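The values are calculated or read from the model by the stated rules, or taken from the named source; none is laboratory data. These numbers were taken from a predicted model, which means no experiment stands behind them. So basically every Cβ, Gly included, is an ideal-geometry build from the backbone, and we count neighbours across all protein chains shown.
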Amino acid sequence: TVSDLIDLFETEAAADHPPDETPDVGVIMGSDSDLDVMAGAHDALTDLGFTELTDYDDPPTGYTFESWVVSAHRTPTLMDAYARTAAARGLDVIIAGAGGKSADLPNMTASLAYPIPVVGVPVQEKSVPSVIGMPTGAPITAVDAGKSYNAGLAAAQFLATDDPTLADRLRDLQAARQEGVADVSARLHS
Ligand code: RP5
C-alpha cells in the first residue's frame, strides 16, 4: 500500500545506514507506462557499472540505483515522502520522469528534495514545458523528451565531480560512443 511504501522510506531514512550501503541515484516515474522510456536511465547507469538496489537489507557493493513508480497526482503523499526522505536515505541525485501535459513529478520532486539535484525526463514531447518550466529559485536539470539515457549519464556526472574513477568511466563510455560513430562512418565509405 501507499502507507507501507511511505513507512519503508521513513524507516530507511531513520536507519542510519553507512553511506556505501545506501542508494546513490533514485529513479522515479509517474506510471508503469513510463517504464519503457525510463529504461534508458537504467541502461546508462548499468553501462557505468551501477547495480540496481532492490534488497535494502543486502545492498550490493559499488554505486547503486533504485527505481520506483511514484505519481505526483495519484500518490502525492508518496511523492512528498520520497522527496522528503531522500537526503536522509543517502540519495545524491534523483532522476524523475513523467508524461502527459501535467508532468509534475520531476518539478515537484525538484522543489521538495532541494538541494538534491533532480534530472527531469519528459516522457513525451508535450511533457517538456511542464518539466522544465520552473520559476526563479526552483531549479531543475532536464533532458529532452524521451532521452532518459542522458538522464542516467547526467546523474553520474553529478557524482563524478567527487570521484575521478567514475569520471574516467564516463570518459570511456564517451570514447566508445565516438568509435561507434567512426565505425559507422567508415562503413559508409568502404
Ligand atoms: C503521467 O501520466 C505518467 O507519468 C504517465 O506518463 C502518464 C499516463 O499515465 P497512465 O495513465 O498510463 O498511468 O502522470
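Here's the yes/no breakdown for (1) assigned to a helix (DSSP H, G or I); (2) away from the ligand (no atom under 16 Å from the Cβ); (3) surrounded by 20 or more Cβ atoms within 10 Å (Cβ to Cβ); (4) modelled with pLDDT of 95 or more:
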position: Ala138; (1), (2), (3), (4): no, yes, no, yes
position: Asn150; (1), (2), (3), (4): yes, yes, no, yes
position: Asp172; (1), (2), (3), (4): yes, yes, no, yes
position: Gly180; (1), (2), (3), (4): yes, yes, no, no
position: Asp183; (1), (2), (3), (4): yes, yes, no, no
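Return the pairs, sorted by first residue and then second, in which the second residue is among the aromatic types (Phe, Trp, Tyr) and within 16 Å of the ligand (Cβ to nearest atom), the first residue lies in segment 74-87 and is within 23 Å of Gly100 (Cα to Cα) and assigned to a loop (DSSP other than H, G, I, E, B), the beta carbons are less than 8 Å apart, and the residues are 6+ apart or on different chains.
none
If I filter segment 25-54 down to residues being in a strand (DSSP E or B) and over 11 Å from Trp68 (Cα atoms), which single residue comes out as farthest from the ligand (Cβ to nearest atom)?
For segment 25-54, the residue satisfying everything is Thr51.
Kindly indicate which of Val25, Val70 is buried (at least 20 other Cβ atoms within 10 Å of the Cβ) and under 25 Å from Ala167 (Cβ atoms).
It is Val25.
For Val128, work out the one condition from (1) surrounded by fewer than 20 Cβ atoms within 10 Å (Cβ to Cβ); (2) in contact with a strand residue (DSSP E or B) (Cβ under 9 Å, 6 or more places away or on another chain); (3) in a loop (DSSP other than H, G, I, E, B) it doesn't fulfil.
Failed condition: (3).
Which one is nearest to Leu153 (Cα to Cα), of the residues in segment 84-99 that are touching a helix residue (DSSP H, G or I) at 6+ places or on another chain (Cβ under 7 Å) and more than 16 Å from the ligand (Cβ to nearest atom)?
Taking the candidates together, the pick is Val93.
Being in a helix (DSSP H, G or I) and buried (at least 24 other Cβ atoms within 10 Å of the Cβ) is the filter; apply it to segment 109-124 and report the residue that is nearest to the ligand (Cβ to nearest atom).
Taking the candidates together, the pick is Thr109.
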